Amino acid sequence: MALVANAIAHASLGRLLNDREGYPIAIRSHPPTEPKGVQAPVAQKEIDWIALYYPMMVHQPLSERLFVAKSPQELTGFFKDLIDVQAEKLIQPYIGKWLKISGQVSNASHHADMLKLWQVFVFVKNEDKRYPDIQIALYFSDTWTERLSLITRDTNITVQRRINKVSSHGLELHACELVA
């Protein structure tokens, strides 16, 4: 019975895999289907967020950082005339490279409970008026709490970090660093 509960908990929380550069990716899998009339036991298991985000938080010396010479507008621009699957192939060389951006804070949330991270949103004007502004989701570790707790809406910030994800409407940068 404990083995079944463990399998169900594992399947419902997802499993941890590594991408091509060794960074962990959480992939949700669907829980196994139970036969009718059988109620699966409820398993409580905490996700080890440190193990998930640690490889992204490891300090990399400035001399080893490869910065992208493209703006958020240029990066999301790949998605304007192409379908996502085509644009993702073109954007792939930029994933994992460093990007330095500046912008005004739109909103910020502190997830102190389970995630122990900050989520900050910055919007950058899209030069092409046919498309909405570009949302940049910035994720900071809890070690930035003292500085991030002082920011307000419309505060200008400059951030640098590796590009984690690019889509037609925005970017995600994980384990960000505020630049003074």
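Brief remarks follow.
- Among the residues of segment 80-134, those identified as without any contact (Cβ under 8 Å) to a residue 12 or more places away in the chain and among the polar types (S, T, N, Q) are 86, 92, 109.
- Residue list for segment 108-133, filter: of a type in the set (Gly, Ala, Ser) and exposed (fewer than 13 other Cβ atoms within 10 Å of the Cβ): 109, 112
- Total residues in segment 52-102, condition within 27 Å of residue 156 (Cα to Cα), among the charged types (D, E, K, R) and at pLDDT 90 or above: 4
- Scanning segment 104-140 for residues that are more than 11 Å from residue 173 (Cα to Cα), in contact with an Asp or Glu (Cβ under 8 Å, 6 or more places away or on another chain) and of a type in the set (A, V, I, L, M) gives 105, 112, 114, 117, 124.
- Counting only strands (runs of 3 or more DSSP E) that sit wholly inside segment 72-172, those with at least 1 residues that are basic (Lys, Arg) and either at positive phi or under 16 Å from the mean Cα position of the chain (by Cα) (or both) are 98-111, 156-167.
- Count of segment 146-165 residues which are touching a Phe, Trp or Tyr at 6+ places or on another chain (Cβ under 7 Å) and of a type in the set (Val, Ile, Thr): 1
The values are calculated or read from the model by the stated rules, or taken from the named source; none is laboratory data. This structure is a prediction, so every number in the text was calculated from the model and none was measured. Here Cβ is always computed from backbone atoms with ideal geometry, including for glycine, and neighbour counts include all displayed protein chains.
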